[in-house]
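The values are calculated or read from the model by the stated rules, or taken from the named source; none is laboratory data. Everything quoted here is computed from the prediction, not taken from an experiment. Methodologically, a virtual Cβ is constructed for each residue, glycine included, from the backbone with ideal geometry; neighbour enumeration extends over all protein chains shown.
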Amino acid sequence: MPTKNKKSKQKSSGPSFITIFCAMFGVAVVVFGGLSIYHLANKPKNNETQIDNINTAEVVNNPTETSGDENRDDIKDIKDLIDEGSQKPEVEVADGLKVPTFDVTIRQNNGMTIISGKITNFIETDGSCTYILTGPTTKNIPESVLPDPKYTVCEALVLNRGELATGSWQVKVEYKSQTAGGVSETQTFTIQ
């Protein structure tokens, strides 16, 4: 008895994976090719550097308006301004020691007081910090210096509720090393 082959009919539910992949690949080639052409067309000429969006100086954006030497001078001036802005401030020296510029922060939360100090004008890792607290009593609390790539950071002083008597307190940070020394301005806070 002959058997009938039943052919299974596949329903087409849309484009195949290969069709979609080829279409996406084609779009990617067009987009990246266009971007490459755009960047080649706008490439700086004669090894000049283009600097855009700098608010500190006026930049000549159209090289046809001025000669190449004037553009190089403008770019050099802008680079100098950027370099000056990124440098650390000058370090003052008194009695043969660098004078630190301090940034002292006091935060209070849920009865906890956190005092942190850092020196912003130079970086050292061999010094020591002392938090000098003056209020109903006086306390000198030494802390070590922590490594940091931008500042000389004093380890934060963490005071839990009850460690200081209630009332008005003043704090200043003293920093000492073989090459530097100084004391911050006084900050005031209240323990309730």
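Per-structure values
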| read-out | value |
| --- | --- |
| The stretch 137-157: number of residues that are out of contact with any Ser or Thr (no Cβ under 8 Å at 6 or more places or on another chain) and over 22 Å from residue 179 (Cα atoms) | 3 |
| Selection status of residue 136, over 25 Å from the mean Cα position of the chain (by Cα), assigned by TED's automatic domain parsing to the domain that holds residue 97 and within 26 Å of residue 92 (Cα to Cα) | no |
| Residue list for the stretch 160-178, filter: within 16 Å of residue 109 (Cα to Cα) and within 31 Å of the chain's Cα centre (by Cα) | 160 |
| Top-ranked residue in the stretch 91-117 [being in contact with a strand residue (DSSP E or B) (Cβ under 6 Å, 6 or more places away or on another chain), of a type in the set (Val, Ile, Thr) and not in a loop (DSSP other than H, G, I, E, B); ranked as surrounded by the fewest Cβ atoms within 10 Å (Cβ to Cβ)] | 105 |
